[in-house]
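Read through the structure below, which is laid out as structure tokens, and then see the notes.
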Amino acid sequence: MIKSISLWSLVAFFLMACGETKEKKENTTESDQMEVAEAYTPDTEEELPTIVGIAVDNADFSTLVTALKSADLVEALNGEGEFTVFAPNNAAFDKLPDGTVAELLKPENKETLTAVLTYHVVAGLYTAGDVVQALKDNGGSFTAETLQGSRITFKMEGDKVVLYDNKGNAVNLIATDIKASNGYIHSVDTVLMP
């Protein structure tokens, strides 16, 4: 159970854990992906693009950008605010059953697509470093509410943090703490399902 720590503090703690985890990974593919994502993190606050700006500039988020456009969420994630986005990379979308992405992108499925995409967003600014303590303080597990309204569960498994969606799918972080002017992006290897 979550003790007297706010939900947002817990999410922040989770994301810190992810940052520590990525340093321990030895998998070349994941390391390469992290380097690509980190290459889009400018040195100063003034130079930072928005969450959407970073996604547009990173070819590995092209499917996500297409989905954001189809759901009319570009303006929301491009504007002021503080968001933490668990952004599925292209490989995450490729893991979905054949035809799923094409079906979600149809205008008649905009509501479903919006629900899926907003399930990847938490209000507030949360780095990976804050999550370690939250996991320690809460027995290695806690949940956070997404903008979609459902919760994501975070668990410490060995030396890494794993997210679980409402369908019970395990989702791994492959890059963390990609800073934007209006939040953070943490790249994930699986599409979260509400």
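Filtering the range 165-180 to residues that are in a loop (DSSP other than H, G, I, E, B) and buried (at least 17 other Cβ atoms within 10 Å of the Cβ) leaves only 165. In a residue-by-residue description of the range 125-138, the property of being modelled with pLDDT of 95 or more and within 15 Å of the chain's Cα centre (by Cα) applies to no position.
Of the residues screened, residue 85 is not one that is of a type in the set (A, V, I, L, M), over 21 Å from residue 150 (Cβ atoms) and either part of a strand (DSSP E or B) or in contact with a helix residue (DSSP H, G or I) (Cβ under 7 Å, 6 or more places away or on another chain) (or both). Tell me whether the range 158-165 contains one or more residues that are in contact (Cβ under 8 Å) with a residue 12 or more places away in the chain, in contact with a Pro (Cβ under 8 Å, 6 or more places away or on another chain), of a type in the set (D, E, K, R) and over 24 Å from residue 54 (Cα atoms). Checking the range 158-165: at least one residue is in contact (Cβ under 8 Å) with a residue 12 or more places away in the chain, in contact with a Pro (Cβ under 8 Å, 6 or more places away or on another chain), of a type in the set (D, E, K, R) and over 24 Å from residue 54 (Cα atoms). Looking at the structure I just gave you, is residue 82 within 15 Å of residue 182 (Cα to Cα), surrounded by fewer than 16 Cβ atoms within 10 Å (Cβ to Cβ) and under 16 Å from the mean Cα position of the chain (by Cα)? So residue 82 passes the test.
Residues that are in a strand (DSSP E or B) and modelled with pLDDT of 95 or more within the range 95-123 comprise just one, 121. When the range 146-166 is limited to residues that are modelled with pLDDT of 95 or more and of a type in the set (D, E, K, R), the one that is nearest to residue 130 (Cα to Cα) turns out to be 151.
Per-residue answers, yes or no, for (1) in contact with a Lys or Arg (Cβ under 7 Å, 6 or more places away or on another chain); (2) at pLDDT below 60; (3) polar (S, T, N, Q); (4) more than 27 Å from residue 156 (Cα to Cα):
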site	(1), (2), (3), (4)
21	yes, yes, yes, no
40	no, yes, no, yes
50	no, no, yes, yes
67	no, no, no, yes
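Of the set (1) more than 20 Å from residue 167 (Cβ to Cβ); (2) touching a strand residue (DSSP E or B) at 6+ places or on another chain (Cβ under 9 Å); (3) at pLDDT 95 or above, all apply to residue 36 but (3). Please indicate, with yes or no, whether at least one residue in the range 140-157 is in a loop (DSSP other than H, G, I, E, B) and hydrophobic (A, V, I, L, M, F, W, C). Looking through the range 140-157, at least one residue is in a loop (DSSP other than H, G, I, E, B) and hydrophobic (A, V, I, L, M, F, W, C). Determine, yes or no, whether residue 192 is of a type in the set (A, V, I, L, M, F, W, C), touching an Asp or Glu at 6+ places or on another chain (Cβ under 6 Å) and either in contact (Cβ under 8 Å) with a residue 40 or more places away in the chain or within 20 Å of residue 74 (Cβ to Cβ) (or both). Against the criterion (of a type in the set (A, V, I, L, M, F, W, C), touching an Asp or Glu at 6+ places or on another chain (Cβ under 6 Å) and either in contact (Cβ under 8 Å) with a residue 40 or more places away in the chain or within 20 Å of residue 74 (Cβ to Cβ) (or both)), residue 192 qualifies.
The values are calculated or read from the model by the stated rules, or taken from the named source; none is laboratory data. This one's a predicted model, so the numbers in the text were calculated from it and none came from an experiment. Using ideal geometry, Cβ is built from the backbone for each residue, glycine included, and neighbour counts are taken over all protein chains shown.
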